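Take a look at the structure below.
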Amino acid sequence: MQCAVTDAIGHPETAHTCCGITVQYSRAWLRLRLPSGRVLYYAAPRVDEHGALSYMGTHPVTRKWTRITTYGGKLVENITQAVSRDVLAACMPAIEAAGYSIVLTVHDEIITEADDNAAFNAAHLAALMATPPPWAQGLPLAAEGFQTHRYRKQ
């Protein structure tokens, strides 16, 4: 990913592809197009004379707008988290259509309410969550869950 980003910054307006992610630098923005079609944006990206990557963003501690250094592995982590969110969001309409009421999502969890009967159970909900969206066919997904009357971590 680091090479694709470095190449994109060095060749503005040219799309580069790495592992299914389209990388493009244009008009002061680095764009990473995910398999879902959603785009991650990085402002004012730069490659310094040593090949180090950086972009402008909000510092996590000071909350000030500043230059943030990054590297290929960190970008891959951001991509992985974003794709995980997209997979979770993609299964939500089917979950609601099956009669589950989504009341909360937390990272990779979906918390639902449903009637207390055999038609609504953790195995059925897990199967809905483990169904890959059309843009992620072949992605190995698994889900598990439990039923409870109060929210808790497993």
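Taken over the chain, the percentage of Cα pairs per 10 Å bin, counting from 0 up to the bin with the maximum distance, is 10, 32, 24, 20, 11, 2, 0. Principal semi-axes of the equivalent ellipsoid, √(5λ) from the alpha carbon gyration tensor of the stretch 2-70, are 21, 15, 10 Å from largest down. Where in the stretch 131-147 does the label zone of residue 17 land, with the point 7 angstrom along Cα→C-beta and an amide N cut-off under 16 Å? Once the point is set 7 Å along Cα→Cβ of residue 17, 135-137 turn out to lie under 16 Å by backbone N, inside the stretch 131-147. For the pair residue 49 and residue 77, the difference between a 0.36 nm per residue extended length and the Cα-Cα distance amounts to 7.6 nm. Using the alpha-carbon centroid of each, what span in Å lies between the stretch 22-71 and the stretch 98-154? Cα centres, the stretch 22-71 to the stretch 98-154: 33 Å. The stretch between residue 102 and residue 39 holds 20.1 nm of extra length on full extension. This uses 0.36 nm per residue minus the Cα-Cα distance. For the residues 11, 107, 50, a GNM of the chain with alpha-carbon springs under 10 Å puts the largest fluctuation on 50.
Phi angles of the stretch 76-93 translate, via the Karplus equation with coefficients 6.51, -1.76, 1.60 and θ = phi - 60°, into HN-Hα couplings of 5, 4, 4, 5, 4, 5, 5, 5, 4, 4, 5, 5, 4, 5, 5, 7, 5, x Hz per residue; Gly and Pro are given as x.
Subtracting the Cα-Cα distance of residue 149 and residue 63 from 0.36 nm times their residue separation leaves 27.1 nm of extension gain.
When shorter helices are ignored and each DSSP H run of at least 4 residues is given -39500 (n - 2.57), the per-residue value for the chain at 222 nm works out to -9000 deg cm²/dmol. Annotation for the stretch 1-79: GluC sites (Glu not before Pro) lying in DSSP loop with at most 13 further Cβ atoms inside 10 Å of their Cβ are 13, 49. Taken over the stretch 71-142, the alpha-carbon convex hull comes to 90 cubic angstrom per residue. In percent, rounded to a whole number, the relative contact order of the stretch 83-136 is 38, using alpha-carbon pairs under 8 Å and six or more apart. Counting every other Cβ atom within 10 Å of each residue's Cβ, 106, 83 order from fewest to most as 106, 83.
Every read-out reported here was derived from the displayed coordinates using simple, explicitly stated rules and does not represent laboratory data. Quantities reported herein were computed from a predicted structural model and do not represent experimental measurements. Note that we place each Cβ from the backbone using ideal geometry, even for glycine, and neighbour counts take in every protein chain shown.
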